[in-house]
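Have a look at the structure below before the remarks.
The values are calculated or read from the model by the stated rules, or taken from the named source; none is laboratory data. Because the structure is a prediction, the values reported are computed rather than measured. Using ideal geometry, Cβ is built from the backbone for each residue, glycine included, and neighbour counts are taken over all protein chains shown.
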Amino acid sequence: MIRRDQVKARLTLNAPLAEAVLTSFIRDAVDTSGLKGVVVGLSGGIDSSLAAALAARALGPERVHGFLLPYRTSAPESERDARAVAEHLGMPHRKIDISPMVDAYFAMESDAGPDRRGNKMARERMTILFDQAKKLGALVLGTSNKTEILLGYSTIFGDNASSLNPLGDLYKGQIWQLSRHLGLPVQVIEKAPSADLWPGQTDESELGVDYETADDVLYLLFDMGLRPEEVTARGYDERIVQRIIALEQQFRFKRRLMLIARLSGSAVNLDQEIPRD
Amino acid sequence: MLASPRTRQTPRTSSQIMPETPPTLLTIGLAQIDCRLGDVEHNAERHLEWIEKARAAGVDLLVFPELSLTGYRLLHLTPRVAMPANSPILRRLAEAARPMRVVLGFVEEGERGVLHNSVVLLSDGAPSYIHRKLYLPTYGIFQEERFFGAGRRLELADLPWGKMGVLICEDLWHPELARRLAVAGTRLIVVPSASPGRIGAGVLPESHESWETLTRSTALLDTCWVAYCGRVGWEEGSFYPGGSHVIRPGGELVERAPLLEEHLLVAEIDLRDSDRLRWRLPLLDDERFDIQGPTQGPTEGPAR
């Protein structure tokens, strides 16, 4: 039995311990790979800022390479905040404008709507990050959190692609908590989360649910194993609960890298689960 | 003055009055190490390093974590790292450890092509005792029954200081095993483990809070020493928190290794402390085996 007013406490983290565990994760992954550091796309948002801050503490800021990857319609505050974070952490950073590459493609696909354009931008950034990682001898640091992974709120093979992700088991509220603990710039913590793929976009309006509610409902459904009617019985809006369940089901495909048709008795990842470590 | 008859005899040493008892004081070492998944050669080299470290620290009995020679989350790599108990690698480690006793974890190639999650005791230059994990967790993140066969025997190991029981990780979550070991005469239970960590709001990882609840309860209820050796490091995105520790008979924490880093925890333990507690708290002596009632598992539903 868990009451609604107990959920917040269950989602509270021992922040110094979380920091110790996640920095050890980053160090271990980089050491095991034999590479020198990580690259991270800095959007000026809280997720990429937190990932960069953890990496800077894990490896030293000089081994964390930030990339500001704006499109010509990106909000100027995004670049300003990304720069503020990089300077706050003392890490090397560089801006690469993705407009020429994205525009070159859409000159041939002029009927594309905002969804396709947004996805293309996310994947353009991904190819740049992996190329820079190759150039610098680094791994690509992922920045997707647990809430957006469960809700499928990402571009597959775009912003959800990475070599290691320290944030993937943290709900959005825990991201905020850890960011405050690490002392990230206040404007980064307080601004409304946005993918910034088109002007005025915010996560919460697009998802149709605020993060605080989404975290609670996801926790009750997935961590506690409650049924939908048991969640609504605790005072959560039924339409919101149904919306969250629908999103989770619709986008499950984004969480699996490859769907392989099994023919033999030794299909990769099905019959043959070989650990990557 | 009447001389008592005794004064005319040669004074007797205590060993003549009391039967000779073996020394009960030993120095235990818990090697809280990281392991490289699937790389037996590398891990064996590291065991040799830690054996030397422990020797320098005066350790008599050195305990490594579960599957210390192979890493834990092997999945389909399991058969590739399996070896019989008399394999050259184990003999080499046993030889190097002399005169120290070493407890380590490995994938054992058993009879009939069955692989076991086993712990071996190396003494006097040879493997002298094997414990095959009895409870193989296959739920949540765990998949052990897919790759291992469960052990079928619970036995005590002989040490110069007395009997020792070994329970591997999940085995401790089934408290009748520790009870049986204690009733059969052990005053020390060692628990090699590879238990993935979880954290919450608490000072210690939530997973570790459970472990200390278990080890302390065992030391209290079974009135024996409990030495828990956990590992550190990462496998497939899952971390092992460490926090190896020694619990005195009665449940008091003697010492805990730090979290998240390799560490050799050294503690002096006197197995007599277990007897001393048992004189005051005779739980084992009071244990009854004649109580009738449900003992054969579920009384309803299909037999498993």
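Can you work out which of the residues in segment A:29-43 that are surrounded by 20 or more Cβ atoms within 10 Å (Cβ to Cβ) and closer than 30 Å to B:Cys35 by Cα is farthest from the other protein chains (Cβ to nearest Cβ)?
To start, the set of residues in segment A:29-43 that are surrounded by 20 or more Cβ atoms within 10 Å (Cβ to Cβ) comprises A:29-30, A:37-43.
In the following step, the residues that additionally are closer than 30 Å to B:Cys35 by Cα were identified as A:29-30, A:37-40.
Working: A:Ala29: 7, A:Val30: 11, A:Gly37: 18, A:Val38: 15, A:Val39: 20, A:Val40: 18 Å.
So the residue we want is A:Val39.
All but one of (1) of a type in the set (A, V, I, L, M); (2) in a helix (DSSP H, G or I); (3) buried (at least 18 other Cβ atoms within 10 Å of the Cβ) hold for A:Ala9; which doesn't?
(3)
Quick test for you: out of B:Ser128, B:Ser123, pick the one residue that is crowded, with 20+ Cβ neighbours inside 10 Å and over 30 Å from A:Phe222 (Cβ atoms).
Working: B:Ser128 fails: crowded, with 20+ Cβ neighbours inside 10 Å.
The match here is B:Ser123.
Show the residue pairs that are 6+ apart or on different chains and have beta-carbon atoms under 9 Å apart, the first residue being within segment A:13-25 and at the interface with chain B (Cβ under 7 Å from one of its Cβ atoms), the second being surrounded by fewer than 19 Cβ atoms within 10 Å (Cβ to Cβ) and acidic (Asp, Glu).
Going by the 9 Å Cβ cut-off, the qualifying pairs are A:Ser24/B:Glu261.
Taking the options B:Leu61, B:Leu104, B:Leu134, B:Leu77, name whichever one is free of Cβ contacts under 8 Å to residues at least 60 places away in the same chain and either among the basic types (Lys, Arg) or away from chain A (no Cβ under 14 Å) (or both). Break it down stepwise before answering.
Working: B:Leu61 fails: free of Cβ contacts under 8 Å to residues at least 60 places away in the same chain; B:Leu104 fails: free of Cβ contacts under 8 Å to residues at least 60 places away in the same chain; B:Leu77 fails: either among the basic types (Lys, Arg) or away from chain A (no Cβ under 14 Å) (or both).
From the options B:Leu61, B:Leu104, B:Leu134, B:Leu77, the qualifying one is B:Leu134.
For segment B:111-164, which positions are part of a loop (DSSP other than H, G, I, E, B) and more than 19 Å from the chain's Cα centre (by Cα)?
Pass one, segment B:111-164, residues part of a loop (DSSP other than H, G, I, E, B): B:114, B:124-125, B:133-143, B:148-156, B:160-161.
Correct list: B:Val114, B:Gly125, B:Thr138, B:Tyr139, B:Gly140, B:Ile141, B:Phe142, B:Gln143, B:Phe148, B:Gly149.
Going through segment B:237-266 one residue at a time, which ones are surrounded by 20 or more Cβ atoms within 10 Å (Cβ to Cβ), within 14 Å of chain A (Cβ to nearest Cβ) and in contact with an Asp or Glu (Cβ under 7 Å, 6 or more places away or on another chain)?
Once the filter is applied, which keeps residues that are surrounded by 20 or more Cβ atoms within 10 Å (Cβ to Cβ), within 14 Å of chain A (Cβ to nearest Cβ) and in contact with an Asp or Glu (Cβ under 7 Å, 6 or more places away or on another chain), segment B:237-266 yields only B:Gly242.
If you check B:Ala227, B:Ala182, B:Ala178, which single one turns out to be surrounded by 21 or more Cβ atoms within 10 Å (Cβ to Cβ), free of Cβ contacts under 8 Å to residues at least 60 places away in the same chain and under 26 Å from B:Leu271 (Cα atoms)?
Being surrounded by 21 or more Cβ atoms within 10 Å (Cβ to Cβ), free of Cβ contacts under 8 Å to residues at least 60 places away in the same chain and under 26 Å from B:Leu271 (Cα atoms) holds for just one of B:Ala227, B:Ala182, B:Ala178, which is B:Ala178.
If you take the residues of segment B:205-218 that are within 14 Å of another protein chain (Cβ to nearest Cβ) and either surrounded by 19 or more Cβ atoms within 10 Å (Cβ to Cβ) or basic (Lys, Arg) (or both), which of them is nearest to B:Ala257 (Cα to Cα)?
Applying the first criterion (within 14 Å of another protein chain (Cβ to nearest Cβ)) to segment B:205-218 yields B:205-209.
Going one step further and asking which of them are either surrounded by 19 or more Cβ atoms within 10 Å (Cβ to Cβ) or basic (Lys, Arg) (or both), we end up with B:205, B:208.
Working: B:Pro205: 14, B:His208: 12 Å.
Result: B:His208.
Pick out the one residue from A:Arg276, A:Arg234 that is basic (Lys, Arg) and either in a helix (DSSP H, G or I) or surrounded by 14 or more Cβ atoms within 10 Å (Cβ to Cβ) (or both). Walk me through how you get there before you give the answer.
Values: A:Arg276 fails: either in a helix (DSSP H, G or I) or surrounded by 14 or more Cβ atoms within 10 Å (Cβ to Cβ) (or both).
Exactly one residue qualifies, and that residue is A:Arg234.
Would you mind stating whether B:Arg91 is modelled with pLDDT of 95 or more, touching a Gly at 6+ places or on another chain (Cβ under 8 Å), surrounded by fewer than 21 Cβ atoms within 10 Å (Cβ to Cβ) and assigned to a helix (DSSP H, G or I)?
Details: modelled with pLDDT of 95 or more: yes; touching a Gly at 6+ places or on another chain (Cβ under 8 Å): yes; surrounded by fewer than 21 Cβ atoms within 10 Å (Cβ to Cβ): yes; assigned to a helix (DSSP H, G or I): yes.
Yes: the conditions hold for B:Arg91.
Under the condition of being among the aromatic types (Phe, Trp, Tyr) and more than 14 Å from chain A (Cβ to nearest Cβ), which residue from segment B:220-236 is nearest to B:Ser195 (Cα to Cα)?
Of segment B:220-236, the ones among the aromatic types (Phe, Trp, Tyr) are B:225, B:228, B:234.
Filter once more, keeping what is more than 14 Å from chain A (Cβ to nearest Cβ): B:225, B:228.
Numbers: B:Trp225: 20, B:Tyr228: 11 Å.
Among them, the one singled out is B:Tyr228.
Name, by its number, the condition in (1) on the phi < 0 side of the Ramachandran plot; (2) touching a residue at least 60 places away in the same chain (Cβ under 8 Å) that does not hold for B:Gly162.
All conditions pass for B:Gly162, except number (1).
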